[in-house]
Amino acid sequence: QKEVEQNSGPLSVPEGAIASLNCTYSDRGSQSFFWYRQYSGKSPELIMSIYSNGDKEDGRFTAQLNKASQYVSLLIRDSQPSDSATYLCAVNSGGSNYKLTFGKGTLLTVNP
Amino acid sequence: SQTIHQWPATLVQPVGSPLSLECTVEGTSNPNLYWYRQAAGRGLQLLFYSVGIGQISSEVPQNLSASRPQDRQFILSSKKLLLSDSGFYLCAWNLLQGNNSPLHFGNGTRLTVT
């Protein structure tokens with residue numbers, strides 16, 4: 001059973017701080033990793049993708065991947081109240097093009 | 001640009017009634033299509049996926065079925081709904097591009113079975 005694990009939270013940070021979201025996965029053959037943001041009552045929205053070890057930056061977001069440790073993280077710098085949402089980690093498991101396994105998500109609250 | 005349409009947005013149905021949810025994708029050809037369900041307090045569960053017309057793979061045995069009558073149309077159905085079918089149903093698509101193609105979701109259908 002391929003699994004993706006995330007802390008459910010809630011993770012609470014003050015406005016302007018760095019929010020750090022973590023995700024571990026069980027399948028060593030996984031090759032693609034994605035972070036989605038889901039506002040309450042809405043559908044998930046893709047915010048970051050990462051495919052190789054190291055860091056990938058996009059604006060205030062940085063995704064970090066460590067395949068040896070089977071660990072992927074998302075950093076949000078200068079957190080804003082509008083970042084308050086559930087963040088879903090998704091992993092392409094087993095090398096398949098069409099099966100993403102999702103974690104249950106981490107609820108982030110950014111306090112003004 | 002590609003867009004995905006999913007309807008209805010909300011649905012309240014009695015136990016034992018039938019279900020039909022529809023999803024269409026515009027602006028691309030030969031997409032992979034998916035149905036996910038998100039129950040309250042639970043993660044996204046893959047229900048069905050399709051890599052082509054008439055090709056349906058089921059991930060979880062249940063009283064739901066899926067069909068793909070056209071290249072960019074995906075339908076989720078049930079003959080008799082159960083209370084446990086309540087949830088947030090999401091249609092999604094991606095393209096066959098190796099392992100690097102993210103999923104793009106529709107706006108979802110919130111189904112309440114009463």
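Quick note: the coordinates plus some simple rules give every number you see, no bench work behind them. Every value quoted in this text rests on a predicted model; they were computed, and no experiment measured them. Cβ coordinates were reconstructed from backbone atoms using ideal geometry, including for glycine residues, and neighbour counts include every protein chain displayed.
So here's what we get for this one:
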| item | result |
| --- | --- |
| HN-Hα J in Hz across region B:102-114 - Karplus 6.51, -1.76, 1.60, θ = phi - 60°, x for Gly and Pro | x, 7, 10, 9, x, 6, x, 10, 8, 9, 10, 9, 10 |
| Trypsin sites (Lys or Arg not before Pro) restricted to DSSP loop in region A:16-112 with at most 12 other C-beta within 10 Å | A:ARG28 |
| For A:GLU45, residues with placed amide H under 5 Å, excluding near neighbours | A:ARG37, A:GLN38 |
| 5 angstrom amide H check on A:GLY105, placed H, neighbours 5+ away | A:GLN6, A:CYS89 |
| Sequence-separation-based contact order of region B:1-86, relative, with Cα cut under 8 Å and 6+ spacing, percent | 33 percent |
| Under-22-angstrom lysine pairs by C-alpha in the protein assembly as shown, whenever the two are 8 or more apart or on separate chains | 8 |
| Proportion of all alpha-carbon pairs of region B:1-60 beyond 18 Å (%) | 50 percent |
| Inter-label distance for A:THR109 and B:GLU26, nm, one decimal - labels placed 7 Å from Cα along Cα-to-Cβ | 4.0 nm |
| GNM top mover of B:ASN30, B:ASN63, B:ASN94 - chain B, alpha-carbon springs below 10 Å | B:ASN63 |
| Share of Cα-Cα pairs in the protein assembly as shown lying beyond 33 Å, as whole percent | 17 percent |
| Lys, Arg +1 and Asp, Glu -1 on Cβ, resulting dipole of chain B about Cα centre, debye, nearest 20 | 220 debye |
| Orientation-averaged projected area, Cα convex hull of region A:1-65 (nm²) | 5.6 nm² |
| Under DSSP loop assignment and at most 16 Cβ neighbours within 10 Å, longest trypsin sites (Lys or Arg not before Pro)-free interval of chain B | B:1-41 |
| Computed over region A:1-46: relative contact order in percent, which uses C-alpha pairs under 8 Å that are six or more apart | 34 percent |
| Long-range HN-HN contacts of A:SER32 with modeled amide H, under 5 Å | A:ASN92 |
| For region A:54-68, 3J(HN,Hα) per residue [Karplus equation, 6.51 cos²θ - 1.76 cosθ + 1.60, θ = phi - 60°, Hz, x = Gly/Pro] | x, 10, 9, 10, 8, x, 7, 9, 10, 9, 10, 10, 10, 5, 4 |
| For region B:1-100, alpha-carbon Rg relative to the globular expectation (2.2 N^0.38 Å, N residues) | 1.07 |
| Cα gyration tensor, region B:32-74 - rounded (a/c under 1.5), prolate or oblate | prolate |
| Separation between Cα centres of region B:72-114 and region B:19-64, rounded to whole Å | 5 Å |
| Length-normalised contact order of region A:1-96 in % [C-alpha pairs under 8 Å, at least 6 apart] | 37 percent |
| Under Karplus coefficients 6.51, -1.76 and 1.60, residue-wise ³J(HN,Hα) of region A:27-34 in Hz, glycine/proline x | 8, 5, x, 5, 10, 10, 9, 9 |
| Overall dimensions of chain A by Cα: Rg and Dmax, Å | 13.4, 42 |
| Electrostatic dipole magnitude of the protein assembly as shown [Cβ: Lys, Arg +1; Asp, Glu -1; Cα centre; debye, to 20] | 460 debye |
